[in-house]
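Visitor: Okay, here's the structure, questions in a sec.
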């Protein structure tokens, strides 16, 4: 017997975005498989648009999610499997709110989204055909500016992500003889 019930697998489902997304899909009649092993998320973020100071490893993983999404989308389309990523700025989740040390960019850009905001975009992504889904106007604007003016990437990221003290510090010669 074959089931026609739609199925989705959600990682990071114990809290935050994963939990809200799992609940939304279950409420709408989907069979929801869930997993959660740690605080890392399985979605992209605005950090996938440019490497973020103070979050270098996090940014690198988000770049990897973006590349993985693009590759899997091509590989799996012949099987009728769609792959998308969700690109969001900071979301009010325990990972962000309860962080012992908050990146300066949390202060400059703010925490403007709730997990349910992202869950609704995931719902639209499952029913849509885009590869990258940007959640908040900030992400749309930032993505457009970075695309339109690649020369402005570094200065813009410096302004948004580095504290005034850090920006004012003079670079030191590392690995050079004085």
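The values are calculated or read from the model by the stated rules, or taken from the named source; none is laboratory data. Every value quoted in this text rests on a predicted model; they were computed, and no experiment measured them. In this analysis, Cβ positions are derived from the backbone assuming ideal geometry, glycine residues included, and neighbour counts consider all displayed protein chains.
Visitor: Condition first: closer than 20 Å to residue 22 by Cβ and part of a loop (DSSP other than H, G, I, E, B). Can you find one or more residues in the range 104-111 that meet it?
Guide: No, the conditions are met nowhere in the range 104-111.
Visitor: For the range 49-82, give me each residue that is in a loop (DSSP other than H, G, I, E, B) and touching a residue at least 40 places away in the same chain (Cβ under 8 Å).
Guide: Those that are in a loop (DSSP other than H, G, I, E, B) and touching a residue at least 40 places away in the same chain (Cβ under 8 Å): 49, 50, 51, 52, 53, 54, 55, 82.
Visitor: While we're on this one: Taking the criterion of being at pLDDT 85 or above, out of contact with any helix residue (DSSP H, G or I) (no Cβ under 8 Å at 6 or more places or on another chain) and exposed (fewer than 11 other Cβ atoms within 10 Å of the Cβ), would at least one residue in the range 121-129 satisfy it?
Guide: yes
Visitor: Further, regarding this structure: Can you give me the number of residues within the range 99-140 that are touching a strand residue (DSSP E or B) at 6+ places or on another chain (Cβ under 9 Å) and without any contact (Cβ under 8 Å) to a residue 12 or more places away in the chain?
Guide: Going through the range 99-140 one residue at a time, the tally reaches 2.
Visitor: For the range 83-103, enumerate the residues that are in a helix (DSSP H, G or I) and either surrounded by 21 or more Cβ atoms within 10 Å (Cβ to Cβ) or touching a helix residue (DSSP H, G or I) at 6+ places or on another chain (Cβ under 9 Å) (or both).
Guide: Residues satisfying the conditions are 94, 95, 96.
Visitor: Residue 130 versus (1) outside any helix (DSSP H, G or I); (2) under 26 Å from residue 56 (Cβ atoms): which is the lone unmet condition?
Guide: Going through (1) outside any helix (DSSP H, G or I); (2) under 26 Å from residue 56 (Cβ atoms) one by one, residue 130 breaks only (2).
Yes/no matrix, rows are residues, columns are (1) buried (at least 17 other Cβ atoms within 10 Å of the Cβ); (2) more than 14 Å from residue 125 (Cβ to Cβ); (3) at pLDDT 85 or above:
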position	(1), (2), (3)
13	yes, yes, no
18	yes, yes, yes
21	yes, no, yes
24	yes, no, yes
27	no, yes, yes
32	yes, yes, yes
35	no, yes, no
38	no, yes, no
41	yes, yes, no
